[in-house]
Each structure stands twice: as C-alpha cells, then as structure tokens.
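S.K.: Questions regarding the structure given below will be posed in turn.
The values are calculated or read from the model by the stated rules, or taken from the named source; none is laboratory data. As the structure is a computational prediction, the values presented were derived from the model and not from experiment. Positions of Cβ are backbone-derived with ideal geometry, glycine not excepted, and every protein chain shown enters the neighbour counts.
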Amino acid sequence: MRVSLFIPCFIDTLYPRVGMAMVKVLEKLGHEVDYPEGQTCCGQPPFNSGYWDEARTVASRQMSLFRDSEIVVSASGSCGAMFKKFYPELFQGKPEEKEAARLSAKSWEFSEFLVSKLGVTDLGARFDGKVTFHDGCHGLRELGTKQAPRDLLRAVKGLELIEMKEAETCCGFGGTFAVKFPQISTAMAEVKCNSILETEVEYVVSNDSSCLMQIQGYLDRNSPRSIKSLHIAEVLASE
Amino acid sequence: MSESAIDPKTQFHADADVTTADTDRRAFVRKALGGYKTTRAKTESAFTDWEQAREAASAIKYEGVNHLDTILTQFETNFTARGGKVFWASNSQEARDYILGLCAEKGVKSIVKSKAMTSEEIHLNAALEEKGYGVIESDLGEFIQQLKKEAPYHFVFPCMHLKREEISALFEKEIGSAKTDSPEELTMIARRFMRRHYLEADMGISGANFIIADTGMISITENEGNARLTCAHPRIHVALVGIEKVLPRLADLALFLPMLATGGTGQNMTCYNSMYAGPRQEGESDGPEEFHVVLLDNHRTRLLADPEQRDALHCIRCGACLNVCPIFKNIGGHAYGTTYQGPIGSVITPHFKGLQDWKHLSGASSLCGACTEACPVKIDIHHHLLHNRRNAMKQKPVWWEKLLWQGFAWMMNRPRLYSLAIRIAPWMQKLHPIVFGSVLDPARGWTQTRDLPEMEPQSFSAWMKARKEGRK
C-alpha cells in the first residue's frame with residue numbers, strides 16, 4: 001500500500017524522530033511511504049482561536065497536497081482530527097466541501113491505522129522499560145482511538161504497560177489555551193504528571209506529541225525523577 | 001468573585017490565578033468528585049443500553065425544545081384548568097416584579113425556598129430581602145451558601161468546596177450552634193433551624209426539574225425532602241422554571257428521572273421525586289392554596305434562535321459536565337463568575353449575558369470533550385465552545401490577533417519560507433536563554449511554568465528530502 005504521511009509542523013521541527021520512526025515502521029511492514037512535499041500546518045491554531053477564514057486559507061492548501069493520496073496517516077491525533085473531523089465542518093458550504101469529505105474518508109491516526117486498517121498489532125518491536133500510556137483527547141474523543149495503542153504496546157517485547165489513574169484526563173495542553181490560560185493549563189499538567197509519577201514508570205507514551213510536549217515540559221521543570229516521553233511510533237520502531 | 005467592577009475576563013484570570021494556586025482546595029474538590037465516575041459507571045450499567053438511552057433522551061428534548069410554542073401552551077392550559085396560575089416572564093425583571101407583586105398583594109412575610117438555579121439567575125433573594133421579606137434556603141448546600149453570603153460553587157452541589165470544619169465554624173458563627181465534626185449533627189443543626197421556618201412561611205419558592213406538558217405538572221427531584229416541605233406547607237407556592245425544562249409527556253419521566261440521577265450524582269434515582277399539578281383541590285387535605293408557575297425566558301429564546309447551539313437547551317442541569325471537567329476541578333466554581341458554572345455555563349452564558357463579555361469562558365478550555373462524553377442528553381458542549389470562539393471573532397475580531405493569524409496563514413502557505421524559518425529557528429533558540437521566562441520572553445506564557453523542547457537541527461521534511469535525493 002502507498003501510505004502518505006502527514007507530519008504536522010511541530011513534529012517536523014521539534015520531534016522529527018517521530019516521523020522517522022513512522023517511516024521505519026511502515027516500511028518494515030512492506031508499505032511504500034509517500035511524503036507529499038510542502039507540508040506545513042493543518043490550520044488548527046487559527047481554527048481553535050476562532051479565526052476560521054485564516055484556518056481555511058492554510059487548510060485548503062494543505063488539503064490539496066493530499067489530493068492524489070490513497071491513504072493519509074497522521075503523526076498526531078490532534079492534527080489527524082483536523083483532517084478527519086474538522087475540515088468537513090470548516091469547509092461546509094464552501095467549494096472545497098467535497099474535497100474535505102474525501103480527505104476525511106482516507107485519513108487515519110497512526111496507531112488506529114496499524115490496528116484497524118492494517119490489522120497488525122505485533123510489529124516485532126523490543127523496548128525494555130515500564131511505560132504508561134496517555135490518551136490524547138482529540139485521538140480519544142474526536143477519533144475514538146482507545147484500544148489500538150494499548151494493543152500495540154502490549155505486543156512490544158520487554159515493555160511493561162502500567163495504566164495510570166485517569167489516563168483519559170486531559171493534560172492541559174489544548175494548543176493556544178496553554179499560553180492564553182497558563183495557570184489553568186499548568187494546574188492540569190500538574191494533576192496529569194502526578195498520576196504519571198504515581199505509577200513509577202520510566203516512560204510516558206502517547207499518540208500525540210503535543211500532549212507530550214506539555215507533559216515533558218512540566219516534568220522537566222518539576223519532577224523529582226527523570227521520566228522520558230515518547231511517541232508511540234518511537235516505541236514501535238525500537239528493536 | 002461574582003459581580004465586580006472590572007471586566008469579567010480580567011476577573012476570571014485573577015480568580016483562576018488564586019484558585020489554581022490553592023493546591024489544598026483543588027485536591028479536596030478533586031477527591032470529592034473522584035468517586036463520581038465509578039459510581040456513575042455502575043449506575044449507567046443498570047440501563048439496558050446507556051447510549052441508546054442518551055439518544056432517546058436527546059430526541060425527546062429535541063421534540064420539546066423545537067415545539068416550545070405548542071408544548072408550553074399545552075402545559076399552561078392543563079395547569080390552569082386545575083386552578084394553577086402561569087406567568088410568562090421574558091426577563092429577570094419581569095419575573096422578580098411578578099413575585100414581589102405577589103408577596104405584596106398576599107401579605108407575605110416570610111418565604112422558604114428549595115433549590116432553584118433560576119432564582120440565582122435572576123438574583124431573587126437580594127430583591128426579596130431588599131423589600132424586607134425574610135428568605136430561608138432549605139436545601140442544605142444552598143442554606144450553607146446563604147449563611148456564607150456566597151454564590152453556589154456548583155449548580156448541583158452548592159457547597160461541595162467546603163470542609164466539615166468550615167461548615168461547623170460557619171454554623172457556630174451564624175446560628176450559634178456548638179462545634180461538631182459529625183455530618184449528621186451538622187445536618188440536624190440545619191434541620192432544627194429550618195423546621196421553624198417551614199411552619200412560619202407564607203410562601204414557598206422552588207424551581208422545577210421538568211415541566212410536563214400533557215398532564216400540566218411540574219416535577220421536582222431531590223435528596224433531602226426539603227422541596228416537598230417547601231411545596232406542601234406554605235399557603236402560596238411559586239415555581240420559577242426555565243422554559244427549556246419541558247418534557248412532552250408524563251411517561252418521559254420514566255427515562256428522565258433515572259437519567260438525571262445518574263448524570264447528577266450517580267444514583268439510580270434521587271430519594272424524593274414529586275409531581276405537582278396545581279394548588280390544593282377541593283376535598284384535599286394539604287398543599288398550597290395558590291400555585292404559580294413563572295416560566296422564565298431570560299434570553300433562552302436567543303439560544304433557541306441559534307440552530308447550531310439550540311441543543312444547549314436540552315440541558316437538564318444534572319451537572320455531569322462539571323463533575324468530569326478538568327478545568328472546573330482546577331479553577332473551581334466561583335472563578336467562572338456565572339450562575340451556571342462549568343462547560344455548559346461557558347456555552348450558554350455568552351448567549352444570556354453577551355458574547356463579547358463572556359467569550360473568554362469558551363477560550364478557557366482545552367476542548368478535551370470530557371463534558372460532551374458525559375452529557376446524558378448529548379449536547380455537543382465542547383464543540384459549542386469552539387463555535388462561540390468563531391462567532392466572537394466573526395462578530396468582533398481582535399485586531400492584533402487577526403493580524404497575527406493572517407501573518408501565520410501567509411507564512412504557512414509559503415513552504416519555502418517555512419523551511420527557511422525552521423532552519424533558522426534552532427539558532428534563534430540558542431539566544432532564548434537570554435530572555436527565558438522574563439517579560440521580554442515571547443514564549444513567556446509557556447516558559448514561566450514549563451520547559452521547552454530543543455529544536456532539532458534537521459527537520460523531518462529536510463531528512464525526508466535528503467533521503468529521497470540519496471536514493472536517486
């Protein structure tokens with residue numbers, strides 16, 4: 001299968017290793033990885049801030065890059081939800097409405113794609129360590145991805161998955177919310193990180209790097225012990 | 001923290017600064033709501049199919065809310081046929097005037113109330129007290145908040161933020177009771193104090209959980225029995241009810257009573273469920289001589305006029321969205337500065353009190369969607385927060401934000417410029433420590449409390465490009 005990767009801007013610049021891990025995993029499974037050039041942002045920041053005209057400007061170009069793609073797999077549940085769920089709303093009644101519907105239909109979040117579309121859970125990965133999984137809200141509630149990442153992690157050799165308390169509670173990132181309401185966002189991060197610390201894991205894994213930026217950012221400043229955050233693709237690419 | 005001279009957004013930020021720093025209170029509130037999810041999950045499983053029940057409830061509320069014109073008049077016809085009186089109040093002033101008028105006309109001296117958020121909404125107590133009427137709240141939580149001269153913290157659990165010792169100290173100070181650590185004793189103190197007032201009161205004021213159109217009744221559900229006493233004893237009763245509380249049929253209660261209890265407290269059913277069909281009829285031994293229902297619009301019709309967010313009128317005020325909201329749990333109920341706190345409050349308040357003044361509540365959300373997931377009547381709560389943001393900016397964009405996002409869009413649509421920028425950015429980041437966390441730090445909102453990841457010298461796109469070229 002020819003799989004087109006959608007690597008959102010912040011992963012492109014801050015966490016390129018996530019994209020590299022996705023390429024590795026998909027190629028290992030024998031798929032051809034396509035990366036349409038010129039990708040920038042999905043438009044979520046202006047969209048969530050209420051500036052839908054500006055969001056449409058960005059989204060419309062981004063959408064056109066994937067016109068010929070067979071399948072689009074996103075590195076982030078949140079940006080993936082933009083493609084899958086919010087583009088159709090953003091372009092409702094606009095000339096691009098049909099194109100948005102087409103993109104939505106062929107868009108997948110990475111872990112869900114592996115499990116539900118490809119039917120794979122065991123990727124032959126090996127990762128030694130205690131891990132807890134944080135559900136990114138967009139992946140969980142907009143896309144309904146809950147079981148897939150857990151199934152994938154459980155199949156990794158050497159990995160012990162320990163569920164934290166309230167894994168489904170938001171980490172407090174929320175895009176521009178994190179800087180517009182830093183006091184609330186940080187309080188939420190504190191609660192989340194305390195749940196993580198209680199599990200005594202060494203790693204926190206998620207299918208959304210934006211949540212991990214929040215969690216790692218808070219832990220690095222406040223945690224009594226070192227905990228490393230990893231995108232699920234990085235774990236699945238380990239050998 | 002409610003009414004203030006400074007604008008609601010500034011007040012909100014200031015209050016949230018204080019409440020989020022209060023780790024002790026936050027932990028207390030979180031613990032109080034901690035058991036909710038598990039209890040509720042157990043109750044949900046008593047439904048044959050909870051998701052179907054939600055669908056059904058949503059459909060029934062849709063029917064009611066979209067036929068208010070006929071359904072409310074059907075209620076009025078049936079209710080007045082048995083001697084009840086219905087007053088249509090288009091705003092809070094009209095509702096207050098009607099109730100104050102009744103008090104004057106009927107020679108009312110003292111009033112006992114059961115829990116009614118509509119009364120908070122129209123600031124009824126203040127209006128009654130100003131005219132010299134004695135008013136006593138009979139719901140324990142509301143009573144405590146009344147003594148504390150503080151608005152409810154949560155529209156279902158008004159004093160959930162208070163610890164036992166604080167309540168004891170409050171009782172000691174306000175009604176002279178002895179210090180105690182026992183919740184039972186605290187309840188008894190309040191009960192002994194209230195009993196006298198039930199007997200003295202000429203007027204009872206309540207809200208209603210449901211207006212039932214086909215039989216012309218109101219339904220009140222509660223756990224303390226105080227609403228029953230409030231409705232039964234005084235000679236005049238007034239129920240102040242929002243027009244959205246309609247259910248087409250009495251039979252609908254079979255779904256809505258357990259659903260409200262499940263969503264609200266995780267109970268199968270609340271302890272007391274009463275239906276009132278009007279004043280005391282001939283041959284009946286008790287009940288009020290007069291029964292008035294005040295149907296309150298107070299800008300609910302503005303929500304009705306918005307097809308996108310009309311489903312917010314489906315709300316049965318169970319409070320489930322507050323109970324699961326990480327924002328509510330961390331900032332607490334008072335920071336909102338609204339009658340209706342939490343996610344649903346953030347959705348409806350801009351419609352009730354003005355979008356521009358209250359849009360910040362829609363912004364103060366990570367849009368995590370826990371509220372929508374918990375809502376028994378399937379209101380699309382967190383997406384409406386998103387819609388409020390859009391509507392606010394469409395109506396009145398903030399010039400510098402508009403400029404910022406236009407610039408953002410311009411740049412994001414120029415991939416070459418974007419590549420150049422992300423090549424320079426890691427070098428720029430090396431200069432960041434000079435201003436890090438200070439007022440000059442452009443990332444201050446983040447860096448004051450959190451670290452930033454280091455930018456990689458090679459982006460994924462650059463890596464991919466090099467890889468492709470290497471293959472050629």
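Table: residues versus (1) among the aliphatic types (A, V, I, L, M); (2) under 24 Å from B:F157 (Cβ atoms); (3) in contact with a Leu (Cβ under 8 Å, 6 or more places away or on another chain).
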site	(1), (2), (3)
B:I212	yes, no, yes
B:I220	yes, yes, no
B:A232	yes, no, no
B:G242	no, yes, yes
B:K245	no, yes, no
B:F256	no, yes, yes
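S.K.: Name every residue in the range B:195-216 that is of a type outside the set (V, I, T) and touching a helix residue (DSSP H, G or I) at 6+ places or on another chain (Cβ under 7 Å), in order of residue number.
M.R.: B:Y198, B:M203, B:G204, B:S206, B:G207, B:A208, B:N209, B:F210, B:A213, B:D214, B:G216, listed by residue number.
S.K.: If B:I175 satisfies all but one of (1) at pLDDT 95 or above; (2) closer than 24 Å to B:E200 by Cα, what's the number of the condition it fails?
M.R.: The failed condition is (1).
S.K.: Return a yes/no flag: does the range B:223-230 have any residue that is closer than 28 Å to B:L68 by Cβ and in contact (Cβ under 8 Å) with a residue 60 or more places away in the chain.
M.R.: yes
S.K.: So is B:G337 surrounded by 24 or more Cβ atoms within 10 Å (Cβ to Cβ), of a type in the set (G, A, S) and closer than 25 Å to B:L296 by Cα or not? Reasoning before the result, please.
M.R.: Numbers: surrounded by 24 or more Cβ atoms within 10 Å (Cβ to Cβ): no; of a type in the set (G, A, S): yes; closer than 25 Å to B:L296 by Cα: yes.
No.
S.K.: Looking at the range B:134-147, which of its residues are out of contact with any Asp or Glu (no Cβ under 8 Å at 6 or more places or on another chain) and under 20 Å from B:S182 (Cβ atoms)?
M.R.: The answer is B:G141, B:I144.
S.K.: May I pose another question? If I go through the range B:186-223 residue by residue, how many of them are more than 29 Å from the chain's Cα centre (by Cα) and under 18 Å from B:D252 (Cβ atoms)?
M.R.: 0
S.K.: Just checking, how many residues over the range B:320-333 are of a type outside the set (S, T, N, Q) and touching a Phe, Trp or Tyr at 6+ places or on another chain (Cβ under 6 Å)?
M.R.: Count: 2.
S.K.: Would you confirm, using the coordinates I've provided, whether B:M188 is assigned to a helix (DSSP H, G or I) and farther than 27 Å from B:Y340 by Cβ? Give the steps one after another, and end with the answer.
M.R.: Working: assigned to a helix (DSSP H, G or I): yes; farther than 27 Å from B:Y340 by Cβ: yes.
Here the answer is yes, as B:M188 does meet what is asked.
S.K.: Scan the range B:360-381 for residues that are more than 8 Å from every other protein chain (Cβ to nearest Cβ) and either farther than 15 Å from A:K180 by Cβ or not hydroxyl-bearing (S, T, Y) (or both) and report the count.
M.R.: 11
S.K.: Let me ask you something else. Answer yes or no as to whether B:S45 is small (G, A, S) and surrounded by 14 or more Cβ atoms within 10 Å (Cβ to Cβ).
M.R.: For B:S45, the condition - small (G, A, S) and surrounded by 14 or more Cβ atoms within 10 Å (Cβ to Cβ) - is not met.
S.K.: In addition: Taking only the range A:10-43 into account, find how many residues are more than 7 Å from every other protein chain (Cβ to nearest Cβ), buried (at least 24 other Cβ atoms within 10 Å of the Cβ) and within 15 Å of the chain's Cα centre (by Cα).
M.R.: Here the count works out to 4.
S.K.: Restricting attention to the range B:25-46, does a residue exist that is modelled with pLDDT under 95, in contact with a helix residue (DSSP H, G or I) (Cβ under 9 Å, 6 or more places away or on another chain) and not in a helix (DSSP H, G or I)?
M.R.: yes
S.K.: Next question, about the same structure. Under 9 Å between Cβ atoms, which residue pairs at least 6 apart in sequence (or on different chains) link something in the range B:132-158 that is touching a residue at least 60 places away in the same chain (Cβ under 8 Å) with a partner that is part of a helix (DSSP H, G or I) and of a type in the set (F, W, Y)?
M.R.: If the second residue must be part of a helix (DSSP H, G or I) and of a type in the set (F, W, Y), the pairs left are B:I136/B:F143; B:I136/B:F193; B:I136/B:Y198; B:S138/B:Y198; B:H154/B:F328.
S.K.: Could you tell me whether A:S64 is without any contact (Cβ under 8 Å) to a residue 60 or more places away in the chain and either more than 10 Å from every other protein chain (Cβ to nearest Cβ) or more than 16 Å from A:C79 (Cβ to Cβ) (or both)?
M.R.: Spelling it out, A:S64 is indeed without any contact (Cβ under 8 Å) to a residue 60 or more places away in the chain and either more than 10 Å from every other protein chain (Cβ to nearest Cβ) or more than 16 Å from A:C79 (Cβ to Cβ) (or both).
S.K.: Would a scan of the range B:291-299 turn up a residue that is over 28 Å from B:G216 (Cβ atoms) and either touching a residue at least 40 places away in the same chain (Cβ under 8 Å) or not β-branched (V, I, T) (or both)? Don't jump to the end; show me each part of the working.
M.R.: So in the range B:291-299, the residues over 28 Å from B:G216 (Cβ atoms) come out as none.
So far as the range B:291-299 goes, no, none of its residues is over 28 Å from B:G216 (Cβ atoms) and either touching a residue at least 40 places away in the same chain (Cβ under 8 Å) or not β-branched (V, I, T) (or both).
S.K.: Please state which one of A:S104, A:S111, A:S69 is out of contact with any His (no Cβ under 9 Å at 6 or more places or on another chain), part of a loop (DSSP other than H, G, I, E, B), hydroxyl-bearing (S, T, Y) and crowded, with 16+ Cβ neighbours inside 10 Å. Can you show your working first?
M.R.: Numbers: A:S104 fails: part of a loop (DSSP other than H, G, I, E, B); A:S111 fails: part of a loop (DSSP other than H, G, I, E, B).
Residue meeting the stated conditions: A:S69.
S.K.: Let me ask something else about it. What is the residue count in the range B:57-115 for residues that are of a type outside the set (F, W, Y) and over 30 Å from B:P307 (Cβ atoms)? Outline the logic, then answer.
M.R.: In the first step, residues of the range B:57-115 are kept if they are of a type outside the set (F, W, Y); the result is B:57-61, B:63-74, B:76-78, B:80-86, B:89-97, B:99-115.
With over 30 Å from B:P307 (Cβ atoms) added as a condition, the list becomes B:80-85, B:96-97, B:99-115.
The number of residues fulfilling the criteria is 25.
S.K.: I need the full set of residues from the range B:169-185 which are outside any loop (DSSP other than H, G, I, E, B) and farther than 19 Å from B:E224 by Cβ, in order please. Before you say what the answer is, go through the steps one by one.
M.R.: Taking the range B:169-185 and keeping what is outside any loop (DSSP other than H, G, I, E, B), we get B:169-175, B:183-185.
Residues satisfying the conditions are B:A169, B:E172, B:K173, B:E174.
S.K.: List the number of the failed condition for B:V29; all other conditions in (1) in contact (Cβ under 8 Å) with a residue 24 or more places away in the chain; (2) in the same structural domain as B:V156 (by TED's automatic domain parsing) hold.
M.R.: If we test B:V29 against (1) in contact (Cβ under 8 Å) with a residue 24 or more places away in the chain; (2) in the same structural domain as B:V156 (by TED's automatic domain parsing), just (2) comes out false.
One line per residue, one yes/no per condition, for (1) in the same structural domain as B:L253 (by TED's automatic domain parsing); (2) in contact (Cβ under 8 Å) with a residue 12 or more places away in the chain; (3) of a type outside the set (K, R); (4) in contact with a Gly (Cβ under 9 Å, 6 or more places away or on another chain):
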position	(1), (2), (3), (4)
B:I167	yes, yes, yes, no
B:L170	yes, yes, yes, no
B:E174	yes, yes, yes, no
B:K179	yes, no, no, no
B:L186	yes, yes, yes, no
B:A190	yes, yes, yes, no
B:F193	yes, yes, yes, no
B:R196	yes, no, no, no
B:G207	yes, yes, yes, yes
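S.K.: What number of residues within the range B:387-414 satisfy the criterion of being more than 7 Å from chain A (Cβ to nearest Cβ) and within 23 Å of A:G139 (Cα to Cα)?
M.R.: Counting residues in the range B:387-414 that are more than 7 Å from chain A (Cβ to nearest Cβ) and within 23 Å of A:G139 (Cα to Cα) gives 2.
S.K.: Additional query: Residues that are surrounded by fewer than 11 Cβ atoms within 10 Å (Cβ to Cβ) and either modelled with pLDDT under 90 or touching a strand residue (DSSP E or B) at 6+ places or on another chain (Cβ under 8 Å) (or both): list the helices (runs of 4 or more DSSP H) wholly contained in the range B:383-472 that include at least 1 such residues. Walk me through how you get there before you give the answer.
M.R.: Working: elements: B:399-412, B:415-431, B:444-447, B:460-471.
Of the helices (runs of 4 or more DSSP H) lying wholly inside the range B:383-472, those with at least 1 residues that are surrounded by fewer than 11 Cβ atoms within 10 Å (Cβ to Cβ) and either modelled with pLDDT under 90 or touching a strand residue (DSSP E or B) at 6+ places or on another chain (Cβ under 8 Å) (or both) span B:415-431, B:460-471.
S.K.: Picking from B:P152, B:P158, which residue would you name as being in contact with a Ser or Thr (Cβ under 9 Å, 6 or more places away or on another chain), in the same structural domain as B:D286 (by TED's automatic domain parsing), under 16 Å from B:N125 (Cβ atoms) and outside any strand (DSSP E or B)?
M.R.: B:P152
S.K.: Let me ask another. I'd like to check something: does the range B:252-260 contain any residue that is touching a residue at least 12 places away in the same chain (Cβ under 8 Å) and in a strand (DSSP E or B)?
M.R.: No, the range B:252-260 contains no residue that is touching a residue at least 12 places away in the same chain (Cβ under 8 Å) and in a strand (DSSP E or B).
S.K.: For the range B:239-253, name all the residues that are among the aliphatic types (A, V, I, L, M) and in contact with a strand residue (DSSP E or B) (Cβ under 7 Å, 6 or more places away or on another chain). Give the derivation first.
M.R.: Of the range B:239-253, the ones among the aliphatic types (A, V, I, L, M) are B:239-241, B:243, B:246-247, B:250-251, B:253.
Hits for the range B:239-253 are B:A239, B:L240, B:V241, B:I243, B:V246, B:L247, B:L250, B:L253.
S.K.: Any chance the range B:160-179 includes a residue that's surrounded by fewer than 18 Cβ atoms within 10 Å (Cβ to Cβ) and hydroxyl-bearing (S, T, Y)?
M.R.: Among the residues of the range B:160-179, not one is surrounded by fewer than 18 Cβ atoms within 10 Å (Cβ to Cβ) and hydroxyl-bearing (S, T, Y), which makes the answer no.
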